[in-house]
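Student: Supplied in structure tokens, the structure appears directly below.
Just so it is clear, none of the values below were taken in a lab; they were calculated from the coordinates. Here the structure is a predicted model, which means the values were calculated and not measured. Positions of Cβ are generated from backbone atoms using ideal geometry, with glycine treated the same way; all protein chains shown enter the neighbour counts.
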Amino acid sequence: MTGQRADDYQDVLESAVGHMQDMGAEFSDARSQTIRVTGVSSMNGELRQLVEKATGGVCLRAWIGGRWGYGTATSFDRADIMSAAASAVANARGDGKSDLHLEPASVRRHIDARVRIHPDSVDLSEKISAVLDLDRAQAVDDRVINRMGSYSEEIKDNCLVNSVGSDISWQEVRTLCRAMSVASDGQRMERYYDGPDSTLGFEVVRDTDLEEVGRTTAEEAVATLSAERAPSGHMTVISDPMVSGLLAHEAMGHASEGDEITKRRSFLTGAVGRRVASDVVSMYDDGTVHGAHGSVPFDDEGTPSSRTQIIDHGEYTGYMHSLETASQLGCRPTGNGRSENYGKRVWVRMTNTFFAPGEWDRDELIADTRDGILCDKMVNGMEDPVGGCFEAKCLRGFRIRNGEIAGMVQSFTLTGRSVDILTSADALSREVVLDGGMCGKGIEDWVRVSSGGPYMRARMIVGGGQ
Amino acid sequence: MQALSGYDQAEVYVSSATVHTIYIDDSRISNIETKVDSGLMVRMSEDGRLGKASVSLNRDSAVSDCVSMARAVLRYSPVNGEFTGYAQPGQARIAVPDVWDERVESVEPEDLREIAKVLIDNCDVDIPRAQIRVSANEGCTMNSNGVDVHHRSTLVYGHFTSMTVGDHPGEGMETYHGTHLDLDPEWIGRELTRKARAASVCREFKGSESLSMILPPSELGDMLTSSVGAAVDGENRKYGRSMWRDSLGERVASECLSITDDPTVPAPLSCVFDDEGVPTERRPLIENGVLRGFLRDSFCGDSTGNGMRRSSVEAQGAYERTPVIKPLNMVVAPGRMSREDIVAETDHGILVEKFAWPEADELTGRFGLNVRCGYLIRRGEIVGTVNNALLMGNMLDAVSNVECIGDDVRQMGVVSVPTMSFSGAELVGN
């Protein structure tokens, strides 16, 4: 390991908080963060990327009159941190005043990452080998024109102190590897991907059959070349766990972020107690799921992570909060105040967002469907908290006719009104899977999350691209 | 560079930025941020093996730490058969573009407060979320081949949303991409008002139909970047995943369409040397519908000066990014028609005010996009406003089906585009 850890600077952070309080802050916090990344990727058997990165800095926040001021230093020098603290207080001052008071908890804890094999203990050569193994395993067919393997680890050390006495440090470790194949028959091109992600250590790689992941990824990319164009129209859709997660995240999750509620920007403003889905649908955001990609012991304001029930058997039950939105709505903070890094603003963000399981098997769901489409993996999605709609792009799918799979279809897009879709949901599988990814707030501020759920049957608008 | 002597080749890239951001939440100024960011990336090669590392310059030992990390990486690196070397020094081919605004360099939080206040005062609906971010950025690339280039620019980026209240709220959005503090907060406020009110009267589209699509710059920009930008990417061609890989010199678009990568005019990534130190120049990509060139970086070979680490919207963290092929400023040659003229010329179509997220698939060009607000057109007139529908098509096909090109060019990230209309799209609703 190169360089210092974020908690080496605790004394300076405490001084900075004292400085901001002396300058008139009603509340202040200081968070140092170091981020170390190892990235390895390959293309057609050659290493394309092999890089180590180490970044770090300090974020100072001052709360005055209902307004945050931020100061950020990409430096651990005491004078630079004190200067950023002064900027934070100056930036918080302005016209207009609110008497809103934050109610942060005072927490004193120091937590190491819960990993079995810390990536720091693994030789870089084994990480390179894993990527090349993933790459080689995709060489199963001449139509696979691009074989890509990748490995990434991110180790974040955080230290936070605030003006109510919190003194916290914690480490987050995220490890993932992925295979992606592009296949072409000379006219068409299709792709497929697979691979695990986590807040676990290198055990994620050692416990994965890399040969199997690489080979099946390539085979599925080739198989997709023969897929037909997806149908269009309002129809029955069985979302796979990945697309169910996208629905949870985009259709309901973003609209349940407390800042969208305080701004009355969400169609779920004032919806607590209202029916928003059928009885079979329950949904959570839970930052405490061990090993899931979006899990965090504390959010970036020092609030312990928690499990928030959003839908309980069809009834809407609540929102996710930061310190600010919790105070605005008279609730307890839920540990969802997150930022991309020390240089970015804290927003209300999801962690691991998912639908709870149902009572069906996947095959029972297919057998019970007369005419529909089964999703297989997602590409991306977009929320619409104002309009109450969503958009989900699926990598590919399968037609279902008379209870049987009746051929593969190319990529397509799903849309519709979130409440209408969830109200039409009538069957969910017992199997729940979480899938890791990145989530932006609007168009930037990317944080690591996961989303997931069971196979879920509902009615929505399907559009097959040309 | 001294610490890297002894290697076959070595390169250092250093970037620094001072960034000020003001946030508007719920029609009031909620935060102001001040950020200072700097760091470096080191790359070196020895006997075909490559080392690479980046650090933020946050401590005295940062530079030596970075070199140590890169050395460790190089020790483990297998021989890379595709590496041909870092950039060779070259003479500037264009004059320095006007990408530095002293008003940005000297901006104070109070200046941003004033702009935000004007914006809020001129918007008659709520502004749930908006931000204006300005930065003064410097970068330097040096390598053992003799490259020693320096770049500085200012960046101004704004992202604004608006919303009406009531049972059927409508949402509007505006963006600003530029290098100068020339954004017009009064105009943005008025546009936010207009767009949110238009969205609030949308009716859900039902059924399906084939029609022409009219895309304004705000929606077309990202769709062209993700489709045409990917198709002219030299690395995609090298690895066989560009749909235009074998089409150089052939017709790939309508004769009326010409696109040039032009770093000579003020735009967020315009520069004399790219982030690897290769001279840039004005480069035709599509001339009258014929494919004239691909964009390349040093890794791809025979670089066209398109190896970029910088972002068109965000100055922070440029040093962390490995150069990738990017258009510097992809300019679509404008036509002579106003947007109103294009609508009048359209028999059966939709003018899209806002997609959920405008993009096309980078491999195939396919798209299926949720229309948040669109105007249905019949015989040259707008006859209704719709939402909650999917507009489907393929952008790589659409550029061969151009009907009209507007005169209303706007900068959208790394592209500069007017409103355009295309035949052959499909709209599907409930």
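Student: At q = 0.11, 0.15, 0.16, 0.18 Å⁻¹, what log₁₀ I(q)/I(0) does segment A:233-464 have when each alpha carbon counts as one equal point scatterer in the Debye sum?
Tutor: -0.50, -0.92, -1.03, -1.28
Student: Can you give me the three principal axis dimensions of chain B from its C-alpha atoms, in Å, biggest first?
Tutor: Principal extents (Cα only, largest first): 71, 54, 38 Å.
Student: Ok, one more. Hey, which aspartates and glutamates would be in cross-link range of B:LYS117, C-alpha to C-alpha under 18 Å, not counting anything within fewer than 8 residues on its own chain?
Tutor: The qualifying aspartates and glutamates are A:ASP95, B:ASP25, B:ASP26, B:GLU33, B:GLU108, B:ASP126, B:GLU174, B:ASP182, B:ASP184, B:GLU186, B:GLU191.
Student: Using alpha carbons only, what's the Rg to Rh ratio of segment A:334-411 with Rh from Kirkwood?
Tutor: Numbers: Rg = 17.9 Å, Rh = 15.9 Å.
Checking Rg against Rh, the ratio lands at 1.13.
Student: Among B:GLY349, A:SER166, A:VAL131, which residue has its Cα positioned farthest towards the positive end of the charge dipole of the protein assembly as shown, with +1 placed on the Cβ of Lys and Arg, -1 on the Cβ of Asp and Glu, and the dipole taken about the Cα centre?
Tutor: Selected residue: B:GLY349.
Student: Between A:ILE311, A:ALA271, A:PRO297, whose Cα lies farthest towards the positive end of the dipole of segment A:233-464 when Lys and Arg beta carbons carry +1 and Asp and Glu beta carbons carry -1, centred on the Cα centre?
Tutor: A:ALA271
Student: What number results when the radius of gyration of segment A:330-466, computed over Cα atoms, is divided by 2.2 N^0.38 Å?
Tutor: Cα-based Rg divided by the globular estimate yields 1.18.
Student: Between segment B:172-242 and segment B:98-118, how far is it from one alpha carbon centroid to the other, in angstrom?
Tutor: Each part's Cα centre sits 26 Å from the other's.
Student: Measuring from centroid to centroid over Cα atoms, what is the spacing of segment A:248-317 and segment B:3-43 in Å?
Tutor: 33 Å
Student: Which distance in nm do the two modelled labels at A:SER106 and B:ASP407 give, with both placed 7 Å along the Cα-to-Cβ direction?
Tutor: That separation, rounded to one decimal, is 6.9 nm.
Student: Which stretch or stretches of segment B:101-126 have amide N atoms under 13 Å from the point lying 7 Å from B:ARG190's Cα along the Cα→Cβ direction?
Tutor: Residues B:122-124 qualify, since their backbone N sits under 13 Å from the label point.
Student: Express in whole angstrom the spacing between the alpha-carbon centres of segment A:367-445 and segment B:370-389.
Tutor: Taking the Cα centre of each part, segment A:367-445 and segment B:370-389 sit 25 Å apart.
Student: Further question: Just tell me, in residue order, which DSSP H segments of chain A are both 20 angstrom or longer along the helix axis (alpha-carbon based) and at least 0.5 in mean Kyte-Doolittle hydropathy. Let's see the in-between values first.
Tutor: Values: long enough: A:78-92 (21 Å, 0.67); A:210-224 (21 Å, -0.23).
Long hydrophobic helices here: A:78-92.
Student: Take the Cα of A:ALA139, step 7 Å along the line toward its Cβ, and report every residue of segment A:35-53 whose backbone nitrogen sits under 14 Å from that point.
Tutor: Of the residues in segment A:35-53, A:43-47 have backbone N under 14 Å from the label point off A:ALA139.
Student: Across the Cα atoms of segment A:6-224, what radius of gyration and what greatest pairwise Cα-Cα distance (Dmax) are found, in Å?
Tutor: Cα radius of gyration and Dmax of segment A:6-224 are 23.4, 69 Å respectively.
Student: Continuing with the same structure: Just to verify a number: FRET efficiency for B:ARG113 and A:ASP279, C-beta to C-beta distance, R0 = 41 Å, to 0.05?
Tutor: 0.25
Student: Computed FRET efficiency, Cβ-Cβ of B:GLU250 and B:SER106, R0 60 Å: what is it to the nearest 0.05?
Tutor: On the way: r = 50 Å, r/R0 = 0.84.
The calculated FRET efficiency here is 0.75.
Student: With each label point set 7 Å from Cα along the Cα-Cβ vector, what nm distance links B:ARG378 and A:THR269?
Tutor: Each label point is offset 7 Å from its Cα along the Cβ direction, giving 3.5 nm.
Student: In units of 2.2 N^0.38 Å, what is the alpha-carbon radius of gyration of segment B:1-145? Numbers along the way, then the final one.
Tutor: Working: Rg = 21.5 Å, N = 145, 2.2 N^0.38 = 14.6 Å.
Output field value: 1.47.
Student: Strictly over 28 Å apart at the Cα level, which of A:LYS263/A:LYS344; B:LYS35/B:LYS354; A:LYS53/A:LYS263; A:LYS393/B:LYS52; B:LYS206/B:LYS326; B:LYS35/B:LYS238 would you flag in this model?
Tutor: Working: A:LYS263/A:LYS344 21 Å; B:LYS35/B:LYS354 32 Å; A:LYS53/A:LYS263 38 Å; A:LYS393/B:LYS52 35 Å; B:LYS206/B:LYS326 39 Å; B:LYS35/B:LYS238 39 Å.
Table pairs above 28 Å Cα-Cα are B:LYS35/B:LYS354; A:LYS53/A:LYS263; A:LYS393/B:LYS52; B:LYS206/B:LYS326; B:LYS35/B:LYS238.
Student: Just checking the output field for B:367-379: average partner chain Cβ neighbours within 10 Å of each residue's Cβ? Please report the intermediate quantities before stating the final value.
Tutor: Working: counts 6, 15, 7, 15, 3, 6, 1, 0, 0, 0, 0, 0, 0.
Shielding by partners across B:367-379 averages 4.
Student: Continuing with the same structure: So if I place +1 on the C-beta of Lys and Arg and -1 on the C-beta of Asp and Glu, and nothing else carries charge, what would the dipole magnitude of segment A:218-350 be about its Cα centre? I want it in debye, nearest 20.
Tutor: Details: 12 positive and 18 negative charges, 108 e Å.
That gives a dipole near 520 debye.
Student: Going by a ≥ b ≥ c, the root eigenvalues of the Cα gyration tensor, does segment A:160-276 fall in the rounded group (a/c under 1.5), the prolate group (a/b larger than b/c) or the oblate group?
Tutor: Details: a/c = 3.26, a/b = 1.32, b/c = 2.48.
Oblate, because a/c is 1.5 or more while a/b does not exceed b/c.
Student: Can you work out the FRET efficiency for the pair A:ASP361 and B:VAL201, with r the C-beta to C-beta distance and R0 = 51 Å, to the nearest 0.05? Please list the in-between numbers first.
Tutor: Numbers: r = 46 Å, r/R0 = 0.90.
Between A:ASP361 and B:VAL201 the formula returns 0.65.
Student: Based on the Cα coordinates of chain A, what is the per residue volume of their convex hull in Å³?
Tutor: Details: hull volume 65.2 nm³, N = 466.
That works out to 140 Å³ per residue.
Student: A further question on this structure: What Rg and what Dmax come out for the protein assembly as shown when only alpha-carbon atoms are used, in angstroms?
Tutor: 26.1, 72
Student: How many nm separate the modelled label positions at A:GLN49 and B:ASP60, each set 7 Å beyond the Cα in the direction of the Cβ?
Tutor: Taking the simple label geometry, A:GLN49 and B:ASP60 are separated by 3.4 nm.
Student: While we're looking at this one, here's another question. Along the charge dipole of segment A:30-95, pointing to its positive end and built from +1/-1 on Cβ of Lys, Arg, Asp and Glu, which listed residue (A:GLY65, A:VAL89, A:ASN44) has its Cα farthest out?
Tutor: Of the listed residues, the answer is A:GLY65.
Student: Can you give the angle from 0 to 90° between the axis of helix B:109-121 and the longest principal axis of chain B, with both taken from C-alpha atoms, to the nearest 10?
Tutor: Between helix and principal axis, roughly 20 degrees.
Student: Could you give the angle, 0 to 90 degrees to the nearest 10, between helix B:62-76's Cα long axis and the longest principal axis of the Cα atoms of chain B?
Tutor: For helix B:62-76, the angle is close to 80 degrees.
Student: So for segment B:129-199, Kirkwood radius off the Cα pairs, Stokes-Einstein at 20 °C and 1.002 mPa s: how many µm² s⁻¹? Mind showing how you got there, number by number?
Tutor: Working: Rh = 14.6 Å.
Reported coefficient: 147 µm²/s.
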